[in-house]
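*Asks:* Got a structure for you, written out below as C-alpha cells; questions coming shortly.
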Amino acid sequence: MAKKDAPPRWDRKMQQRLARGEAAALGELYDRFASLVHGLAHTVLGDERAADHVTRDVFAHVWEHPDAYDPKQGPLRSWVATLTHRLAVQRLRATETAALAEAGQSSTEELERKVRHASVAARADYIVQSMPVPLRAALELAYFQRRDYRQTAADLGVTEDEARRRLRLGLQLLSTAHDAGTAPGAPPGYGGAA
C-alpha cells in the first residue's frame, strides 16, 4: 500500500523520463497539460499570442530543468500550473511596465492591481478545471445557463438537496480564489507566489 503523501506514480515516472531526456515524455506531458497551460496563460495575459509564448516557455523550462519538479511537493499538474502562472505574471509585468514607461507613467499600483486581478482569475480558472465533474456541471448549469437549483437538479438527475450541496461546495471552492494563501485545489506555492 502506498503512503498517503506519496506522489502519483505517473508524476514520478514522468519526472524521471524527462530527466533522462526522453523527447516522447515531453510530447506526452504536452498532450496532457498544453490546454491547461495555454488557458491559464491566456487568463492572466488576455492575449492569444502572449499565451502561446508562455506555453512554449513553460514546456521549454520543463524540458531544460526537469529536476526543478519535486514529486514530494505535490502533483505535476499543480507544479506546471504554478510555473505557468509565474511566467505569465512575469510577462504581464514586463509588458505593462514597458507600456507605462512608453506612456510616461510609472504607476506600479495600477500594474500590481492588474497582476492581482489576473492572478485571482487564473486561480479561479484552475479551481474550476480541477473540480470534480459533478460540482463543475452544477456550477455551469447554474451560472452559464442561468438554471436555479431545482432546474439544475432536474438536468443532472439528482435531488434538489444534492444540487444545492454541489452548488454550495463549488462556490466555496471558488471563493478561495481570492485567498492570499494556497487555496484547496489551487496550485501550491512552488517558488512562491507571483
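*Asks:* How far apart, in nanometres, would the label points at residue 164 and residue 28 be if each is projected 7 angstrom from Cα along the Cα-to-Cβ direction?
*Replies:* 4.6 nm
*Asks:* Taking amide H positions as placed in the peptide plane 1.01 Å from N, state which residues far from residue 147 in sequence (5 or more) or on other chains have amide H under 5 Å from it.
*Replies:* Amide H neighbours of residue 147, under 5 Å, 5+ apart: 142.
*Asks:* Distance from the Cα centre of segment 4-82 to that of segment 109-169, in angstrom?
*Replies:* 25 Å
*Asks:* Further, regarding this structure: Kindly rank 9-16, 120-127, 76-83 from highest to lowest mean number of other beta carbons found within 10 Å of each residue. The partial results should precede the final answer.
*Replies:* Values: 9-16: 15.8, 120-127: 20.2, 76-83: 22.6.
By packing density, highest mean first, the sequence is 76-83, 120-127, 9-16.
*Asks:* Once both labels are modelled 7 Å past Cα along the beta-carbon direction, what's the residue 94-residue 35 spacing in nm?
*Replies:* Here the answer is 2.9 nm between the modelled labels.
Read-outs: derived from the displayed coordinates by stated rules, not from any lab. Since we're looking at a predicted model, the values are computed, not measured. Quick reminder, even Gly has a Cβ in these numbers, built from the backbone with ideal geometry, and neighbours come from all protein chains shown.
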